[in-house]
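Trainee: This structure is in structure tokens; I'll ask about it shortly.
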Amino acid sequence: MKMDLKCLCKHLARAKEEEAVSTANCNPYLLERVLRPLMRQETVLLKDVDFGQFDVEDIQEITGYYESLEMQGRKLMQLVGAFANLEPVACKTRRFC
Amino acid sequence: MAFDIDPCIFEFLSVAKDLYDCDLLDKTLKYIGNMEVCEDWYSIAWEGIVNVFKQFRHYYKEETETDTMVFCDPVITGFYQLCFFYEAKSGISRDNNPFRWEGESAVYQCFHLDAYDYEVLLYDGTWGRPRMVILSGEEFCGHQELPRVLAEVKDTLESYCRKLKAAIVTEKPVAALPEYAEKEAA
């Protein structure tokens, strides 16, 4: 596998910043007060969760969101792993004096 | 951001939400204290199971890996006492008491669990105390649904107690339910 880092940087700079998985159907309370703190490995106490802020269906929705996010995360980590395993190759032509 | 959240955390949230919807969460929190949102949904489900009815006993038979859960509560006792009272007052047998078997059927219908290897039995107190018993084998995996189902059972029995009280007061027993009268006559 060959990787042109210059080209990659150019594409990354041009890319629009957007969410990997849409949060449109996610309950904002569950997302911000429960899931994201858990993903930051923070402690969420049961007594601090306001269960009146969401329905059972919202839990299913947030589960689906997390699973998709996890899948995207795995793909990204695979890509990072592939990049990390690349052997650097010297340029064939002289680039500076 | 970590992508290693145990999927059981979502199960935990579902069980806790069920407890909240059944007004059981505060009662459960008294026993489990400052529990974290974690993957241990079984503990919270179990606390829910224990706290729906007034009395709960659990037995485990190691040889057969069978669980026996016994629930006693004033609502179960009340339901059967009212059934006996209604039968005595209207002069019908227990088999022909529509409230008894409709009520019992309604209870059994609450157990629409996404699981198998279990059995639910209701005892009217002819032998021992009125009680509900759940027998479950090693393959039973419906514990997370049980607190909600048990709360439904309690509501169902409360509703049948109200119906029985009304029927006893108005003294219109068999006539109000012709299909049972026909069966009895046949």
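The values are calculated or read from the model by the stated rules, or taken from the named source; none is laboratory data. All figures in this text were calculated on a predicted structure; none of them were measured in a lab. Here Cβ is always computed from backbone atoms with ideal geometry, including for glycine, and neighbour counts include all displayed protein chains.
Trainee: Just to check your reading of the model, which residue among B:149, B:107 is in the same structural domain as residue B:67 (by TED's automatic domain parsing), free of Cβ contacts under 8 Å to residues at least 40 places away in the same chain and either crowded, with 20+ Cβ neighbours inside 10 Å or touching a Phe, Trp or Tyr at 6+ places or on another chain (Cβ under 7 Å) (or both)?
Mentor: One residue alone meets the criteria, B:149.
Trainee: Looking at (1) more than 9 Å from every other protein chain (Cβ to nearest Cβ); (2) modelled with pLDDT of 90 or more, which one does residue A:55 not meet, given that it meets all the others?
Mentor: (1)
Trainee: Being at the interface with chain B (Cβ under 7 Å from one of its Cβ atoms) and surrounded by 13 or more Cβ atoms within 10 Å (Cβ to Cβ) is true for just one of A:64, A:73. Which residue is that? Before you say what the answer is, go through the steps one by one.
Mentor: Numbers: A:64 fails: at the interface with chain B (Cβ under 7 Å from one of its Cβ atoms).
Exactly one residue qualifies, and that residue is A:73.
Trainee: Sticking with this one: Which condition number in (1) closer than 25 Å to residue B:23 by Cα; (2) touching a residue at least 40 places away in the same chain (Cβ under 8 Å); (3) under 17 Å from the mean Cα position of the chain (by Cα) is the one that residue B:140 fails?
Mentor: Residue B:140 satisfies all of (1) closer than 25 Å to residue B:23 by Cα; (2) touching a residue at least 40 places away in the same chain (Cβ under 8 Å); (3) under 17 Å from the mean Cα position of the chain (by Cα) except (1).
Trainee: Here is a further query. Is at least one residue of region A:5-18 of a type outside the set (Lys, Arg), exposed (fewer than 14 other Cβ atoms within 10 Å of the Cβ), on the phi < 0 side of the Ramachandran plot and within 9 Å of chain B (Cβ to nearest Cβ)? Show your work before the answer.
Mentor: As a first pass, look at region A:5-18 and keep what is of a type outside the set (Lys, Arg): A:5, A:7-9, A:11-13, A:15, A:17-18.
Narrowing further to those that are exposed (fewer than 14 other Cβ atoms within 10 Å of the Cβ): A:5, A:7-9, A:11-13, A:15, A:17-18.
Among the residues that remain, those that are also on the phi < 0 side of the Ramachandran plot are: A:5, A:7-9, A:11-13, A:15, A:17-18.
After this cut, where a residue has to be within 9 Å of chain B (Cβ to nearest Cβ) as well, the list is none.
Among the residues of region A:5-18, not one is of a type outside the set (Lys, Arg), exposed (fewer than 14 other Cβ atoms within 10 Å of the Cβ), on the phi < 0 side of the Ramachandran plot and within 9 Å of chain B (Cβ to nearest Cβ), which makes the answer no.
Trainee: Please go through region B:34-77 and give me each residue that is aromatic (Phe, Trp, Tyr) and within 14 Å of chain A (Cβ to nearest Cβ), ordered by number.
Mentor: B:41
Trainee: Which numbered condition in (1) within 14 Å of chain A (Cβ to nearest Cβ); (2) surrounded by 18 or more Cβ atoms within 10 Å (Cβ to Cβ); (3) farther than 22 Å from residue A:63 by Cβ is the only one that residue B:30 fails?
Mentor: Of everything listed in (1) within 14 Å of chain A (Cβ to nearest Cβ); (2) surrounded by 18 or more Cβ atoms within 10 Å (Cβ to Cβ); (3) farther than 22 Å from residue A:63 by Cβ, residue B:30 misses just condition (2).
Trainee: Check residue B:70 against each of (1) of a type outside the set (S, T, N, Q); (2) crowded, with 18+ Cβ neighbours inside 10 Å; (3) in a helix (DSSP H, G or I) and name the one condition it does not meet.
Mentor: All conditions are met except number (3).
Trainee: Pick from A:46, A:38: which is within 13 Å of chain B (Cβ to nearest Cβ), under 20 Å from the mean Cα position of the chain (by Cα) and at pLDDT below 95?
Mentor: Result of the check over A:46, A:38: A:38.
Trainee: Can you name the number of the only condition in (1) among the aliphatic types (A, V, I, L, M); (2) surrounded by 12 or more Cβ atoms within 10 Å (Cβ to Cβ); (3) away from every other protein chain (no Cβ under 14 Å) that residue A:31 fails?
Mentor: Unmet condition: (3).
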